[in-house]
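The values are calculated or read from the model by the stated rules, or taken from the named source; none is laboratory data. This one's a predicted model, so the numbers in the text were calculated from it and none came from an experiment. Cβ atoms come from the backbone with ideal geometry, glycine included; neighbour counts cover every protein chain shown. Side chains included, ligands, DNA and RNA excluded: accessible areas come from the protein's heavy atoms. Shrake-Rupley method; radii C 1.70, N 1.55, O 1.52, S 1.80 Å.
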Amino acid sequence: MSARPILWIVIPCYNEEQVLPLTAPMFLKKLRELTEADRISANSRILFVNDGSKDRTWDIIRELAASDEHYIGICQSRNLGHQNAVLAGLMEAKDRCDITISIDCDGQDDINAMDRMVEEYLKGAEVVYGVRSRRDKDSFFKRTTAEGFYKLMKALGAEVVFNHADYRLISARVLEHFAEFGEVNIFLRGLVPLVGFPSTTVSYERAERLAGKSHYPLRKMLALAFNGITSLSVKPITLITGCGVGFSVIGLILMIWAIVQSILGKTVAGWTSTICIICLLGGIQLISLGIIGQYIGKTYLEAKHRPRYIISARTWESEERRWREETAPETEGKNA
Ligand code: UDP
Ligand code: MG
């Protein structure tokens, strides 16, 4: 039998001091179960990515790392957002493991789906998407906005797996190719399918957050949706062009009508219609300019090629540093 794959579970954490002590042991238990069932290598790890938390999250991660070798962590230099945190973790993992599973740290995504994900990988899938079968634990508002989001994305030409967020298994092989997607606007759930390779889905029920509160208020969700659409599709610009053509045709017909009326000597003081047309077209033009401006803005950001994440610390490096500090005086002593 071939060697068991090394799994790295990648977990973004932002201000999660309340929930991390509850969920971390659950992840470790799952890792042990998978190891004992001989599905994954004993060298598998749980990688926490601290996304510039302002609370004790990083301290907790370091304590965890000191308590068990399976826990490791990296720290981002500041808060860069969920997507960048996951990316940082995946990029850190890709050269050191065979498969990664990214999952939120709040216990909302069913950890038990990992068994099926690994099973699908062993059967040949390189990407396994976790799909929420039911969302009745989410509030009505969250559910309707989130489901509306997937539908809107689809309508606007950005293909995403329905009801799949950021709980997924990706093989190191796929990550190797994904690393070549150098964009700054990262919308993982839309980008991963673009890499290709055999993929499948497993469904799970989404639970409530175990503690703490959501970092995705409506404003952030809208930003994520907009980012997703503009980073995956230029359909909005096509729609604008379509609108422009439609209104031009209507305008032309109105113009001919106006000229005919004028020749027939029936011109009336058309104040209302003029104002209506000016207002309507003015609004549409501004929206259109805004959308096009967003794309230009994105191009501007991409052109800068700024780093997508900056790792300021690693739990295993601090160990190394401490070891170096401890051994340094000794060597000096020997030389003297
Ligand atoms: N998160 C992050 N950086 C942020 C916001 C969130 O790393 O700026 C992490 C957070 O710790 C959690 C995951 O992303 O593990 C999903 O966040 P949350 O549970 O708040 O979102 P929701 O499940 O409500 O959509
Ligand atoms: Mg959550």
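When DSSP beta bridges are restricted to pairs lying wholly in the chain, around 35% turn out antiparallel.
Solvent-accessible area of the range 183-261 (1.4 angstrom probe, protein heavy atoms only): carbon and sulfur portion equals 72 percent. Per residue, the chain exposes 54 Å² of accessible surface when a 1.4 Å probe is rolled over the protein heavy atoms with every protein chain present. Over all pairs of different C-alpha atoms, the range 143-234 has a mean inverse distance whose reciprocal, the Kirkwood radius, equals 14.6 Å. Using the average count of surrounding beta-carbon atoms within 10 Å as a protection proxy, the listed peptides 178-184, 157-163 rank, highest first, as 157-163, 178-184. The packing ranking, built from the mean of other Cβ atoms within 10 Å per residue, places the peptides 252-262, 206-216, 99-109, 286-296 in the order 99-109, 206-216, 286-296, 252-262, highest first. A full extension of the chain between Thr272 and Arg78 corresponds to an added length of 64.4 nm, given 0.36 nm per residue minus the alpha carbon distance. When you work out D = kT/(6 pi eta Rh) for the range 19-156 at 20 °C and 1.002 mPa s, using the Kirkwood radius from C-alpha pairs as Rh and the Stokes-Einstein form, the result is 128 µm²/s.
Determine, at each q value in 0.08 (inverse angstroms), the log₁₀ of I(q)/I(0) that the Debye formula gives when each Cα of the chain is one equal point scatterer. Reported log10 I(q)/I(0), two decimals: -0.49. Estimated from helical segments only, the mean residue ellipticity of the chain at 222 nm is -18000 deg cm²/dmol, where each DSSP H run of four or more residues counts as -39500 (n - 2.57). Sorted from longest to shortest, the spans of the Cα atoms of the range 232-275 along the three principal axes equal 53, 18, 5 Å.
If you model the range 192-236 as an ellipsoid using its alpha carbon gyration tensor, with each semi-axis the square root of five times an eigenvalue, the axes come out at 25, 21, 7 Å, biggest first. Counting every alpha-carbon pair across the range 181-316, the share separated by more than 18 Å comes to 75%.
Which of the pairs Lys30/Lys154; Lys235/Lys266; Lys30/Lys142; Lys30/Lys54; Lys29/Lys151; Lys213/Lys304 have their Cα atoms more than 32 Å apart in this structure? Lys30/Lys154; Lys235/Lys266; Lys29/Lys151; Lys213/Lys304, as the Cα separations exceed 32 Å there. Kirkwood radius for the range 20-87, taken over all pairs of different Cα atoms as the inverse mean of 1/r, rounds to 12.8 Å. Working ranking of peptides 6-17, 50-61, 217-228, 23-34 by packing, defined as the average number of other Cβ atoms within 10 Å per residue, highest first, is 6-17, 50-61, 23-34, 217-228.
Remark: spin-label model distance Leu22-Leu152 equals 3.0 nm, labels positioned 7 Å along the Cα→Cβ axis.
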